[in-house]
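Each reported figure results from applying straightforward, stated rules to the coordinates on display, with no laboratory input. Given the structure is predicted, the values throughout are model-derived calculations rather than measurements. Note: ideal-geometry Cβ built from the backbone for every residue, glycine included; neighbour counts use all protein chains shown.
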Amino acid sequence: MKIVADENIPQVKEAFKNFGEVFLISGREISNDILKDADILLTRSITNVNEELLENTNIKFVATATIGIDHIDLDYLKYRNIEFADAKGCNAYSVAEYVVCSIANIFYNKNILLDNKKIGVVGYGNIGTKISNFAETIGLSVLINDPPLERISAFKIFNHLENTLKSNIITFHVPLNKSGLDKTYHLIDDEKINLIKENTLLINTSRGPVVDNAVLKNRLEKQNDITTVLDVWENEPNVDIDLLSKVNISTAHIAGYSLEGKLNGTLLIYEKFCDCFGFKPVWQPNYPSLENNLIAVNTNDPLEKILNDTLSKVYNVENDSTILKECSKLNNELRGKCFDNIRKTYSVRREFNNYTIKLNKRDNKLKEIFEALRFKVT
């Protein structure tokens, strides 16, 4: 088989080399000409897979090593009898950790207490459920909004979006649906932005168009009364630099970019490929050992300081924000390339469960918190 793969799928060549020749190509450069004599296409989110890309090719199997599928024309794949696989759930912990690190950073730096605060979780899937558990662990009350799940669930745990948007923190974890009953395109529009009260922390790690970027920029320009964390943007990689300059934490669509999250994506599409073609899966990802994984914690500090100090040693989200903001200093032609290059050359980030917390004295409450966040505790 001829296998064309996005060069940013980690260890993809090692995973698929036994099935044929693997050609690694930049996701934005995968074209119809390149796919003319290919059998397999393995992508990430920046490659639009549709009739224009696949017409008159022999592609038999398409996979995306991502959780989102809005870049995939599923109807066309079905029409062409092309098998499809995604990697839903692969980086759920990575995104959940990004969110909790951002909350810890913002709350500590703005001197906000976690007590009596509510978080509105919009989308209660693989990521939303994990964030809800993390949020309850650190003392937040959780409001959940997920209309499609609510319609099929017997549990009365859901809230209307209008009520959810009144929370102290709002975080979005929905697919991008451009139409229909569960439309999420511009879910936050010029009306719903006004439901968000002042001093709210708004976080979007789902898809850029879920929050109307122009509407958000207008709110920040005129009132500047909410705090924002954006990992996803409209018109990526050509983000609105005026909005970027006003966002507190701005990153280049890397919330799910932990090493484990990316390798889980490779593993999932590999296993689904094997299942599709009747191969026995034998490949496993290679996880490098992690040195300096012991973190000392002073239990005498306030919880907000403990969380920020500890989590920033695992993942300092401010560093990623600074890197993206540097892109805004470049000219129009180079800014998009800078955005893509951040993703391509992203440094290794490991998840919480690779680290051990050493408490300076026994504290059962802190032990419970860190263990619930998946740390080992001594």
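Confirm whether ILE59 is more than 22 Å from ARG207 (Cα to Cα), without any contact (Cβ under 8 Å) to a residue 60 or more places away in the chain, touching a strand residue (DSSP E or B) at 6+ places or on another chain (Cβ under 6 Å) and crowded, with 16+ Cβ neighbours inside 10 Å. Explain how you work it out, then say what you get.
Numbers: more than 22 Å from ARG207 (Cα to Cα): yes; without any contact (Cβ under 8 Å) to a residue 60 or more places away in the chain: yes; touching a strand residue (DSSP E or B) at 6+ places or on another chain (Cβ under 6 Å): yes; crowded, with 16+ Cβ neighbours inside 10 Å: yes.
The answer is yes for ILE59.
Report, by residue number, each residue of the range 147-202 that is among the β-branched types (Val, Ile, Thr), in a strand (DSSP E or B) and touching a helix residue (DSSP H, G or I) at 6+ places or on another chain (Cβ under 6 Å). Full working, then the answer.
Within the range 147-202, the subset among the β-branched types (Val, Ile, Thr) is 152, 157, 164, 169-171, 174, 184, 188, 193, 196, 200.
Those still in the list that are in a strand (DSSP E or B) too: 169-171, 188.
The one that is among the β-branched types (Val, Ile, Thr), in a strand (DSSP E or B) and touching a helix residue (DSSP H, G or I) at 6+ places or on another chain (Cβ under 6 Å): THR171.
Based on what the data block shows, is VAL247 surrounded by 13 or more Cβ atoms within 10 Å (Cβ to Cβ), touching a residue at least 12 places away in the same chain (Cβ under 8 Å) and touching a Pro at 6+ places or on another chain (Cβ under 9 Å)?
no
Keeping to the range 209-247, report how many residues are over 15 Å from VAL100 (Cα atoms) and either in a loop (DSSP other than H, G, I, E, B) or in contact with a His (Cβ under 8 Å, 6 or more places away or on another chain) (or both).
19
What are the residues in the range 94-122 that are closer than 22 Å to ILE157 by Cα and within 13 Å of the chain's Cα centre (by Cα), if any?
ALA96, VAL99, VAL100
Quick one: which helices (runs of 4 or more DSSP H) sit completely within the range 297-369 and have at least 3 residues that are among the basic types (Lys, Arg) and out of contact with any helix residue (DSSP H, G or I) (no Cβ under 8 Å at 6 or more places or on another chain)?
Result: 332-344.
Among the residues that make up the range 92-112, is at least one of them out of contact with any Cys (no Cβ under 7 Å at 6 or more places or on another chain), more than 20 Å from ASN316 (Cα to Cα) and not β-branched (Val, Ile, Thr)?
Within the range 92-112, not a single residue is out of contact with any Cys (no Cβ under 7 Å at 6 or more places or on another chain), more than 20 Å from ASN316 (Cα to Cα) and not β-branched (Val, Ile, Thr).
Given the structure, is LEU176 farther than 19 Å from VAL100 by Cβ, touching a Leu at 6+ places or on another chain (Cβ under 8 Å) and surrounded by 15 or more Cβ atoms within 10 Å (Cβ to Cβ)?
When the stated conditions are applied, LEU176 does not pass them.
Being in contact (Cβ under 8 Å) with a residue 40 or more places away in the chain and among the charged types (D, E, K, R) is the filter; apply it to the range 202-244 and report the residue that is nearest to HIS173 (Cα to Cα).
ARG207
Considering only residues that are closer than 19 Å to ASN177 by Cα and of a type in the set (Val, Ile, Thr), which ones fall in the range 67-85?
ILE67, ILE69, ILE72
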